[in-house]
Amino acid sequence: MQTTARAMMLVEPRHFTDTAIEALGSEDGGWLAVEATGISGNDVQIWKGEARDVVYPLVPGHEVVGRVAVQGPNVPYPVGTRVVVEPRIRCGVCHRCRQNLATCVSRKPTNSYGMIPSIEPPGLWGGLAELLYLDPNAHLHPVTDDVPAEVATFVHPLASGHTWAVELPALQKGEGVLILGPGPRGLACLIAAKVAGAGWVGITGLSHDGDRLDLARRLGADLAIDAEHTDVAGEIAGALGRRPDVVIDVTSDDPEAVFTALDLVRSGGRVILASTKGNRAFHFLSDVIVAKQLTMKGAMGASSVGYQWATSQLETDPRIDDLVSHQFPLSEASHALQAAAGLLGRDELISVAVTF
Ligand SMILES: [Zn+2]
């Protein structure tokens with residue numbers, strides 16, 4: 001294996017340095033030769049300096065696909081195996097891990113790939129580098145060799161889609177699901193809900209999401225609408241004839257989506273909140289939760305069950321080819337982040353990957 005990795009290090013918000021980092025990890029770990037890394041909304045927040053619990057410098061990128069380069073004692077797959085790495089590292093013994101929560105506290109500020117500071121040895125904790133250190137507690141899932149690496153990065157949003165749309169709401173066959181936000185994770189929720197037997201799936205976006213809403217229709221959405229120029233409640237009433245059983249908030253930067261979700265869901269329904277709202281204060285009237293007897297759940301990341309489902313779905317669902325619309329080489333990491341942020345235009349933008 002090469003002993004030095006080229007890495008794009010984010011030294012401060014919006015400022016990458018093209019650098020080389022020595023691959024000197026503990027013998028308990030292994031190494032992954034990165035093939036491609038998807039760029040998510042969370043990566044955009046880190047790049048902009050808007051994410052919580054982030055210490056710079058760091059190597060961002062947590063939607064990693066690569067091949068095992070050094071197996072390490074805790075890696076069950078031989079050198080050369082193509083895998084995805086779950087972003088969350090779980091020590092298994094801290095109080096959060098014992099409660100099966102996604103936020104292991106054994107490493108500060110966050111025990112998660114793409115968010116661990118570069119001062120934490122060996123510094124290669126993100127997918128925007130040629131090599132990724134495989135922590136002894138990293139969770140790997142083999143993925144098919146039959147798709148391009150950039151397509152395989154979509155396993156990550158797809159896994160979240162399954163966790164958020166199927167596992168957390170305990171989705172039942174025939175139920176109606178409304179997804180707020182047609183980004184990669186919203187589209188992944190749509191795919192997962194449909195495969196799980198949802199009877200009806202609607203999805204809403206903004207005016208600039210036209211191409212994502214078109215793709216949602218091709219992926220089988222029963223309703224895909226621009227919430228800025230449409231009466232969403234009226235459209236759902238006309239299309240579904242009742243209120244949805246489950247509403248999932250996968251918007252970005254939209255505190256209002258919480259109200260929309262609580263307003264539109266049926267009495268006794270479930271609301272899944274999978275997007276953060278930052279420090280934007282808003283009045284929250286909790287009575288609607290009481291009056292409608294709602295269940296609300298906060299969602300962070302994907303479960304291992306979600307990853308298992310997503311890796312098998314990748315093998316059999318050729319539509320996933322359409323979900324990664326833009327790719328950039330490592331040297332153009334800044335452009336990749338700008339593209340994912342929508343700063344290079346929204347036409348034909350679905351999701352973005354960096355390829356090696
Ligand atoms: Zn832990």
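Here, each number is a calculation from the coordinates, and none is a lab measurement. This is a predicted model, so every value here is computed, not measured. Cβ atoms come from the backbone with ideal geometry, glycine included; neighbour counts cover every protein chain shown.
Note the direction-averaged projected area, equal to a quarter of the hull surface, for the Cα convex hull of the chain, in nm².
For the Cα atoms of the chain, the hull's average projected area reads 16.7 nm².
Counting pairs on different chains as well as pairs 8 or more places apart, how many Lys pairs in the chain have Cα atoms under 24 Å apart?
Total qualifying Lys-Lys pairs in the chain comes to 9.
Ordered by residue, what ³J(HN,Hα) values in Hz, to whole numbers, does segment 63-70 give under the Karplus form 6.51 cos²θ - 1.76 cosθ + 1.60, where θ = phi - 60° and Gly and Pro are x?
Ordered by residue, 3J(HN,Hα) equals 9, 9, 10, x, 10, 4, 9, 10 Hz.
Mind computing the radius of gyration and Dmax over the alpha-carbon atoms of segment 271-356? Å is fine for both.
Expressed in Å, the Cα Rg and Dmax of segment 271-356 come to 18.4, 53.
I'd like the per residue volume of the convex hull spanned by the Cα atoms of segment 50-178, given in cubic angstrom. Don't skip to the end; give the middle numbers.
On the way: hull volume 19.4 nm³, N = 129.
Considering the Cα atoms of segment 50-178, their hull volume per residue is 151 Å³.
What are the residues whose amide H is under 5 Å from the amide H of Met296, where those residues sit 5 or more places off or on another chain and H is modelled from the backbone?
Val271
Rounded to whole Hz and in sequence order, give me ³J(HN,Hα) for segment 291-299 from the Karplus expression 6.51 cos²θ - 1.76 cosθ + 1.60, θ = phi - 60°, writing x for Gly and Pro.
Rounded to whole hertz, the list is 4, 9, 6, 8, 10, 10, 9, x, 10.
Under unit Cβ charges (Lys, Arg +1; Asp, Glu -1), what dipole magnitude, rounded to 20 debye, does the chain have relative to its Cα centre?
Dipole size: approximately 1100 debye.
Where the centre of each part is set by its Cα atoms, how far does segment 127-192 sit from segment 66-116, in angstrom?
16
How far, in degrees from 0 to 90, does helix 304-316 lean away from the longest principal axis of the Cα atoms of the chain, to the nearest 10?
Relative to the chain, helix 304-316 is tipped by roughly 90 degrees.
From the backbone phi of segment 249-257, what are the Karplus-calculated ³J(HN,Hα) couplings (6.51 cos²θ - 1.76 cosθ + 1.60, θ = phi - 60°) in whole Hz, Gly and Pro given as x?
8, 10, 6, 10, 6, 9, x, 4, 4
Hey, can you grab everything whose amide H is under 5 Å from the amide H of Glu35? Only 5+ residues off in sequence or another chain; H modelled, so Pro and N-termini drop out.
Under 5 Å from the amide H of Glu35 lie the amide H atoms of Val65, Gly66, Arg67, each far enough along the sequence or on another chain.
Volume per residue, Å³, of the convex hull around the alpha-carbon atoms of segment 156-298?
102
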